[in-house]
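See structure below.
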Amino acid sequence: MSSSTEHTIEQADLEKLNDKDKAELRQFFSNEEQRSRIQSQTHELTAICWKKCVAGNTIRSGALDKGEQTCLASCVDRFMDVNLATLKHLASMRQQ
Amino acid sequence: MDSEAVKKAIIRQALQATNTANARTLIENINEKCFERCVPKPGSSLSSSEQTCLTQCMEKYMAAWNIVNATYIQRIQQEIGNQSITNA
């Protein structure tokens, strides 16, 4: 990190932003927020699915075997199925 | 600094912060999972077999992260596709 050359952004700098750049930054931060959400969900899902698909197996190499790869992908998809099924059932309970 | 330079500096700093946070979380999780997996009974030092296990475990965890990320993104896109069909 070249913190010596890195300019610290101050209030005075922010006032220099024109409308076009402000709009671009809003878009950038909205995309970043989404990327960040997906990454944290990926961290949680990896921990959950690691436990189900890899943790119990003997480690023989640094690569995932075919079975582990398939299991991980299915784990994510079934987790999402459960997520959607929960929301759907909750919605039907609220209508009763 | 003009408007363009301020914008670029903000973007660069924000990306750096997000990427650092992401890497930190990944490292924390790798430490936790691989310590649990490879060092069941901590001895007076890390044995060479424990060290081998740790590097392999680390590589596996990162490969798992990539599969989970790709599958998750694919699923989100699929759900968005389904939603726009139902709403149409």
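The values are calculated or read from the model by the stated rules, or taken from the named source; none is laboratory data. These numbers were taken from a predicted model, which means no experiment stands behind them. Please note: Cβ atoms are built from the backbone with ideal geometry, for glycine as well, and neighbour counts cover all protein chains shown. Just so you know, the surface numbers come from the protein's heavy atoms only, side chains and all, with ligands and any DNA or RNA stripped out. Shrake-Rupley method; radii C 1.70, N 1.55, O 1.52, S 1.80 Å.
Numbers for the structure displayed
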read-out: Where B:Thr71 falls short, out of the listed (1) open to solvent by 60 Å² or more (accessible area, probe 1.4 Å); (2) within 20 Å of A:Cys53 (Cβ to Cβ); value: (1)
read-out: Scan of region A:53-96 for residues that are in a loop (DSSP other than H, G, I, E, B) and among the basic types (Lys, Arg), ordered by number; value: A:Arg60
read-out: Subset of region A:15-28 (residues that are in a helix (DSSP H, G or I) and more than 7 Å from every other protein chain (Cβ to nearest Cβ)); value: A:Asp19, A:Lys20, A:Lys22, A:Ala23, A:Arg26, A:Gln27
read-out: Which listed residue is facing another protein chain (nearest Cβ under 10 Å) and either open to solvent by 50 Å² or more (accessible area, probe 1.4 Å) or over 30 Å from B:Cys53 (Cβ atoms) (or both), from A:Gly62, A:Gly56; value: A:Gly56
read-out: Qualifying residue in region B:29-49 (condition: more than 10 Å from chain A (Cβ to nearest Cβ), among the hydroxyl-bearing types (Ser, Thr, Tyr) and surrounded by 12 or more Cβ atoms within 10 Å (Cβ to Cβ)); value: yes
read-out: Residues of region B:1-55 that turn out to be over 30 Å from A:Asn57 (Cα atoms) and not aliphatic (A, V, I, L, M), as a count; value: 11
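Results for (1) among the small types (Gly, Ala, Ser); (2) within 10 Å of chain A (Cβ to nearest Cβ); (3) open to solvent by less than 40 Å² (accessible area, probe 1.4 Å), shown as yes or no for each residue.
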position: B:Ala9; (1), (2), (3): yes, yes, yes
position: B:Cys57; (1), (2), (3): no, yes, yes
position: B:Glu79; (1), (2), (3): no, yes, no
position: B:Ser84; (1), (2), (3): yes, no, no
